[in-house]
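The values are calculated or read from the model by the stated rules, or taken from the named source; none is laboratory data. Here the structure is a predicted model, which is why all the values come from computation and not from measurement. Please note: Cβ atoms are built from the backbone with ideal geometry, for glycine as well, and neighbour counts cover all protein chains shown.
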């Protein structure tokens with residue numbers, strides 16, 4: 001799956017969104033509000049058996065649905081996605097969208113308005129409320145998405161033709177009719193919740209695919225990609241602010257463009273790392289991103305920041321925190337009119353967001369292919385929700401140590417201790433985690449750069465037996481060549497093994513993977 005990250009800002013809220021690729025290795029972090037799962041990348045008019053096709057990576061089984069005796073490309077049985085959608089929505093209040101299109105393959109299109117409306121009917125029955133199902137397959141089971149995202153990037157040469165040999169305007173054909181059918185006819189069938197429409201155009205105006213569609217159909221969010229086209233990119237905006245060149249970021253032009261929804265929110269789409277875009281120059285440092293955000297944060301149609309994509313974001317840690325965390329801080333400060341030092345080039349400024357501030361900070365991650373389960377986070381204590389993604393429910397912020405404690409309900413356990421926390425008293429904290437998980441007093445010994453934290457008594461052998469009783473299978477030494485400490489504080493201090501943590505940042509127990517990871 002791929003995911004675009006957005007950081008939105010409204011009157012009282014900001015939102016961050018991220019996009020994930022099929023090899024995405026990430027989680028939903030505390031700033032995320034909306035998860036876009038992608039992609040539905042085969043449309044019915046071109047799909048085998050007349051059905052759409054999907055690419056959700058290995059989050060679904062290898063099976064596909066069969067229709068009229070033909071193997072379609074619609075992936076079948078995605079239990080982890082089903083579970084995680086429900087957890088995101090019910091436990092954490094996240095919104096989950098399904099994204100259509102993407103960059104690969106790029107030969108999808110709609111034959112006509114009728115095709116678009118029929119496609120909407122199919123998606124509504126397959127991914128909308130169960131009551132709307134009219135015989136369509138349900139890849140996500142009983143899970144219901146909160147909306148649909150249009151990331152239309154088709155490029156077909158020669159252009160397709162209809163039955164009469166007439167060239168089809170494939171870039172725009174049928175999309176307005178499809179979206180208005182969603183908005184006016186299908187979404188109104190379920191009054192128990194709100195449903196949304198979003199789009200992800202390129203930054204150039206007009207965008208060949210979506211500019212005319214946005215003026216003729218209802219969009220709630222527009223996630224503009226300011227990292228593919230030099231003349232209108234965010235980098236052009238930075239150069240313009242620095243008095244270099246005549247090109248500029250086109251965000252203001254998008255805000256002035258025609259939209260059927262007068263209250264549509266626009267997002268500044270940025271690459272989450274240098275490797276996330278076709279050219280390193282599109283990547284903005286945290287300080288550069290802050291300059292761009294400040295330009296538009298107080299305009300009424302500013303929605304926030306979108307990041308492509310989640311794997312790059314999680315791997316791009318700055319002063320121990322992913323790029324998206326800094327974007328969230330930047331947007332929050334800009335919208336609230338507070339001061340935030342975003343210059344991370346020569347120092348590590350303190351993150352300032354507190355739990356009270358985080359409540360109105362809404363973030364959207366947009367997944368495009370596969371979400372992996374192992375993390376690259378730092379200074380985080382995270383509880384694993386499930387295979388597809390990690391969803392953050394609560395953040396406890398410790399100002400001096402810059403430690404976030406993140407919790408989730410569906411866990412065996414995951415905790416992280418940073419060597420920078422040498423002055424932070426972890427005794428009660430770790431004890432509380434262990435005791436909370438197992439309802440027994442198991443304790444942890446941590447050796448950090450010759451600094452010992454011994455939390456009462458621990459017998460790792462016994463602890464491992466407990467994990468085995470929970471159907472956990474693991475081999476720490478074989479996988480990671482690590483040794484384990486076993487201490488009995490009632491006996492003389494005598495370590496059975498040496499457990500050094502200089503190279504260990506995560507201890508990860510995952511119920512679904514049945515393994516113990518030291519990352």
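For this structure, a couple of remarks:
- Residue 16 meets the conditions (1) in contact with a strand residue (DSSP E or B) (Cβ under 7 Å, 6 or more places away or on another chain); (2) at pLDDT 85 or above; (3) under 21 Å from residue 197 (Cα atoms) in every case but one. The failed one is (2).
- Residue count for the stretch 228-247, restricted to those that are free of Cβ contacts under 8 Å to residues at least 40 places away in the same chain and over 28 Å from the mean Cα position of the chain (by Cα): 8.
- Looking only at the stretch 173-229, residues that are more than 21 Å from residue 106 (Cβ to Cβ) and in a strand (DSSP E or B) come to 3 in all.
- If you go through the stretch 105-128 and pick out every residue that is under 13 Å from residue 176 (Cα atoms) and surrounded by fewer than 18 Cβ atoms within 10 Å (Cβ to Cβ), you end up with 3.
- Output for the stretch 235-257, where each listed residue is assigned to a helix (DSSP H, G or I) and over 19 Å from residue 221 (Cα atoms): 235, 236, 237, 238, 239, 240, 241
- A search for C-beta distances below 9 Å between a residue of the stretch 50-61 that is part of a strand (DSSP E or B) and any residue that is modelled with pLDDT under 85 and surrounded by 22 or more Cβ atoms within 10 Å (Cβ to Cβ), counting only pairs 6+ apart in sequence or on different chains, returns 54/38.
- Any hit, the stretch 279-292, residues being touching a strand residue (DSSP E or B) at 6+ places or on another chain (Cβ under 8 Å), surrounded by 24 or more Cβ atoms within 10 Å (Cβ to Cβ), modelled with pLDDT of 95 or more and in a loop (DSSP other than H, G, I, E, B): yes
- None of 162, 185 is at pLDDT 95 or above and either surrounded by fewer than 21 Cβ atoms within 10 Å (Cβ to Cβ) or not assigned by TED's automatic domain parsing to the domain that holds residue 130 (or both) except 185.
- Meets criteria (at pLDDT 90 or above, within 17 Å of the chain's Cα centre (by Cα) and surrounded by fewer than 21 Cβ atoms within 10 Å (Cβ to Cβ)) for residue 317: yes
- Conditions (1) at pLDDT 95 or above; (2) in contact with a helix residue (DSSP H, G or I) (Cβ under 9 Å, 6 or more places away or on another chain); (3) more than 29 Å from residue 90 (Cβ to Cβ); number of the one not met by residue 228: (1)
- Residue 102 closer than 29 Å to residue 184 by Cβ, out of contact with any helix residue (DSSP H, G or I) (no Cβ under 6 Å at 6 or more places or on another chain), surrounded by fewer than 16 Cβ atoms within 10 Å (Cβ to Cβ) and at pLDDT below 95: no
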